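Novice: Below is one structure. I have some questions about it.
The values are calculated or read from the model by the stated rules, or taken from the named source; none is laboratory data. Everything quoted here is computed from the prediction, not taken from an experiment. Please note: Cβ atoms are built from the backbone with ideal geometry, for glycine as well, and neighbour counts cover all protein chains shown. Remember, those area values only see protein heavy atoms, side chains included, never the ligands or the DNA or RNA. Shrake-Rupley method; radii C 1.70, N 1.55, O 1.52, S 1.80 Å.
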Amino acid sequence: MKKLNLGVMISGRGSNLQAIIQACSMDDFPANIALVISNNNNAEGINHASDSQIPVNIIEEESYPDRVAFEKKITEALNFAEVELVCLAGFMKILSKNFINEWYDKIINIHPSLLPSFKGLDTHSRAISEGAKITGCSVHYVRPAVDEGPIIVQGAVPIFPEDTPDTLSKRVLEAEHKCYPLAIKLIAQGRVKVISGRTIIDGHDQFSETLINPKILKN
Ligand code: GRF
């Protein structure tokens, strides 16, 4: 089976990278990580890649005269590794319109909210303080506007009254670690089509349950 070549871009902890590595270690998973790029020399995630003998390029913006040169280096590295799908996994730099257009429909991201709600940073503290009862994560194609683009997979989790951003982020991360490999698998299998800004997934089961929070125990 010809596997889809992934380039995973990280800046920090790399728990989503780890989940993707884990998925790719399965023989029947239709994708393979060709390269990890970190824009931070101290990113913890670099160790996950090295532990699995995955090539890592550290490309720090500070080492380049400007953003154009920085992004040119990233594109060169991705092309050299024959990357077919770029996966942003906690990559904390906003990429230019040019870069994104170069990888149009070949670059995806994971965001820790149910988009289009809570774009941007601090999603968990905002979801808690706004009193949301359900939040989650979204894997989406990247477009020049931040946290926009056709949604591929979403996972929903409840918010409990005692939640802190920390406890909530742990619950959402568990969902992220399931959703990111699933989105990659669907793309690698050629089952995702982008039509009028939405994705159509071939051969999926309709989700038929309702996630209701809170669950009321007494009448
Ligand atoms: C995740 O919450 C992801 O949704 C967001 O950044 C975080 C990265 O975490 N884009 P990790 O580095 O994958 O552990």
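Novice: Using Cα-only point scatterers and the Debye equation, what is log10 of I(q)/I(0) for region 1-103 at each q in 0.12, 0.13, 0.14, 0.19 Å⁻¹, rounded to two decimals?
Specialist: The calculated log intensity ratios at q = 0.12, 0.13, 0.14, 0.19 Å⁻¹ are -0.36, -0.43, -0.49, -0.90.
Novice: Express the accessible area of region 1-103 per residue in Å², computed with a 1.4 Å probe while the remaining protein chains stay in the model.
Specialist: With all protein chains present, region 1-103 gives 51 Å² per residue.
Novice: Kirkwood Rh, region 45-179, all Cα pairs: how many Å?
Specialist: 16.4
Novice: Would you mind giving the average projected area, over all directions, of the Cα convex hull of region 6-63 in nm² with one decimal?
Specialist: Across all orientations, region 6-63 yields a mean hull projection of 3.6 nm².
Novice: Apply the Karplus curve 6.51 cos²θ - 1.76 cosθ + 1.60, θ = phi - 60°, to the phi angles in region 199-206 and return the couplings in whole Hz, x for Gly and Pro.
Specialist: Values, residue by residue: 9, 10, 9, 6, x, 9, 7, 6 Hz.
Novice: Measure off, as a whole percent, the carbon and sulfur share of the 1.4 Å-probe accessible area of region 109-213, all protein chains present.
Specialist: In region 109-213, the share of accessible area belonging to carbon and sulfur is 53 percent.
Novice: Where Rh is the Kirkwood radius over the Cα pairs of region 148-219, the temperature 37 °C and the viscosity 0.692 mPa s, what D in µm²/s does Stokes-Einstein return?
Specialist: The calculation lands on 224 µm²/s.
Novice: Reachable aspartates and glutamates from Lys93, Cα under 14 Å, same-chain residues fewer than 8 places away excluded?
Specialist: Correct list for Lys93: Glu60, Glu61, Glu62, Asp66, Glu71, Asp147.
Novice: Then there is this: Which three semi-axes in whole Å describe the equivalent ellipsoid of region 112-175, each the square root of 5 times a Cα gyration tensor eigenvalue, listed largest first?
Specialist: Ellipsoid half-lengths, sorted descending, are 21, 12, 9 Å.
Novice: Set the Förster radius R0 to 35 Å, insert the Cβ-Cβ distance between Tyr64 and Ile212 as r into 1/(1 + (r/R0)^6), and round the FRET efficiency to 0.05.
Specialist: 0.10
Novice: While we're here: Any idea of the accessible area per residue across region 131-219, 1.4 Å probe, to the nearest Å²?
Specialist: Ligands and nucleic acids excluded, the figure is 62 Å² per residue.
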